[in-house]
Amino acid sequence: MELTGLDADGLLDSSLRWPELVSAFTAATRAEEGNLWFEWSRSLDNPAEYVLVEAFRDDDAGGIHVNSDHFKRAMRELPQALTSTPKIINQTIDGMGWSELGEMSVD
């Protein structure tokens, strides 16, 4: 599984509109055959910061994603709403989903 974490910190005044700005991109990505999840979260400490956690079945699915028309369009349009380049962590890991937290058990 290809797992990516993206930190979009430094949004312009559009921070309140970020979900709207990424709506079509998010829907198109979630509809991709190899997409496992594509989830945005907003920082509790910094309202101008959003974090994206996305996962794709494999490297091929990730490649299809970055070569898609909706990805290319987002890479052209979204920088206008940012004050800095997003940070990213991208790794290929074993597994196809989340594991339970080993340090805690909820009965």
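Can you pull out the residues in the range 83-107 that are over 18 Å from Gly62 (Cα atoms), in contact (Cβ under 8 Å) with a residue 40 or more places away in the chain and β-branched (Val, Ile, Thr)?
Matches in the range 83-107: Thr83 only.
Conditions (1) in contact with a Ser or Thr (Cβ under 9 Å, 6 or more places away or on another chain); (2) more than 22 Å from Gly95 (Cα to Cα); (3) hydroxyl-bearing (Ser, Thr, Tyr), marked per residue:
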residue	(1), (2), (3)
Leu16	no, yes, no
Ala27	no, yes, no
Gly34	no, no, no
Leu52	yes, no, no
Ala55	yes, no, no
Ala61	no, no, no
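Rule-based calculations on the coordinates, nothing more; no lab input. Since this is a predicted model, take the numbers as computed values, not measurements. Backbone-built Cβ (ideal geometry, glycine too); neighbour counts: all protein chains shown.
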